[in-house]
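Each reported figure results from applying straightforward, stated rules to the coordinates on display, with no laboratory input. Fair warning: this is a prediction, and the values are worked out from it, not measured in the lab. Glycine also receives a Cβ, built like all others from the backbone with ideal geometry; neighbour counts cover every protein chain displayed.
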Amino acid sequence: MPKVQPAGDHGSTRGRGRRVASTLAEINVVPLVDVMLVLLIIFMVTAPMIQRGVDVKLPVATRAQQIQGERVFVTIPADFRQQRAVFLGDEKIRIDVLQERVRQKMETATDKKVYLRGDGSVTYQELMDVFDRLKGAGVQDVGLINRLPGER
């Protein structure tokens, strides 16, 4: 808060009578806190919208089990027929290099399992092409991922 100092004896007829002196030590941080809280709320709302995976319509099965441990996912999207590309985790790679990339991942993994997700529109032959490449990379077990009837 500014301090009010009485005017001196000299110049009381010339000056204003009182002089206001403000100190720099009193910085108002309320607007800064308000802006930071608004930015925090904006980031909290937009962060879930930014994280997006591959859209795949998984087949439905009623007797599915939860996956335990470290997971390596290979996803076959609906446009596999045209693109000839799959997703290894979140990375899009061509089917030609899938075998080598999975072999590199399996060298360090203790559990040599890969989970295969395929869009419902992918044909059985396309699924088997990817399956053969995974087996050629040294994968011992290939799990097929599905969804339960109530899941999105």
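Return the residues of the range 116-126 that are surrounded by fewer than 16 Cβ atoms within 10 Å (Cβ to Cβ) and not polar (S, T, N, Q); say none if nothing qualifies.
Hits for the range 116-126 are 120, 124.
On the given criteria, is residue 109 within 26 Å of the chain's Cα centre (by Cα), under 19 Å from residue 87 (Cβ atoms) and surrounded by 13 or more Cβ atoms within 10 Å (Cβ to Cβ)?
Yes.
What single numbered condition from (1) of a type outside the set (Asp, Glu); (2) assigned to a loop (DSSP other than H, G, I, E, B); (3) over 15 Å from residue 71 (Cα atoms) fails to hold for residue 131?
Here residue 131 meets the rest and fails (2).
I'd like the full set of residues that are surrounded by 15 or more Cβ atoms within 10 Å (Cβ to Cβ) and β-branched (Val, Ile, Thr), limited to the range 92-106.
Within the range 92-106, 93, 95, 102 meet the criteria.
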